[in-house]
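Okay, so here's the structure we're looking at.
The values are calculated or read from the model by the stated rules, or taken from the named source; none is laboratory data. The shown structure was predicted, so the numbers you read here are calculated from the model rather than taken from an experiment. For neighbour counting, all protein chains shown are included, and Cβ atoms are generated from backbone atoms with ideal geometry for every residue, glycine included.
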């Protein structure tokens, strides 16, 4: 399985992105070597303290274009206690909004 990585400058970093590589060696930072999901503004601030840019894996997290989407960007919420390895898609989020969060909808 290959990674689909994009270079993202720190000012473009958003909640829901999966950081897969840094602009410096992992050992020079407090971050886990295997990568991590940006869960909140505190995570973004921590990355800003160490890096000018990072690489995000758009298979494990949202892409910059998804972060700017009115559906994903304004309604994205991540459960920090749940690590399923999946990501929210436009369709998933649109279905959630359209159905009011009910899981009994028919596609």
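Descriptive notes on the structure:
- Complete set of residues in the range 24-40 that are surrounded by fewer than 16 Cβ atoms within 10 Å (Cβ to Cβ) and not in a loop (DSSP other than H, G, I, E, B): 26, 27, 28
Residues are listed down the side, and each one gets a yes or a no for (1) touching a helix residue (DSSP H, G or I) at 6+ places or on another chain (Cβ under 7 Å); (2) closer than 13 Å to residue 53 by Cα:
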| site | (1), (2) |
| --- | --- |
| 4 | no, no |
| 9 | no, yes |
| 15 | no, no |
| 29 | yes, no |
| 33 | yes, no |
| 41 | no, no |
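- Some residue of the range 41-64 being modelled with pLDDT under 70 and part of a loop (DSSP other than H, G, I, E, B): no
- When residue 73 is tested against (1) at pLDDT 50 or above; (2) under 12 Å from the mean Cα position of the chain (by Cα); (3) in a helix (DSSP H, G or I), only condition (1) is not met.
- Among residues of the range 11-23, those that are in contact (Cβ under 8 Å) with a residue 40 or more places away in the chain and in a loop (DSSP other than H, G, I, E, B), counted: 5
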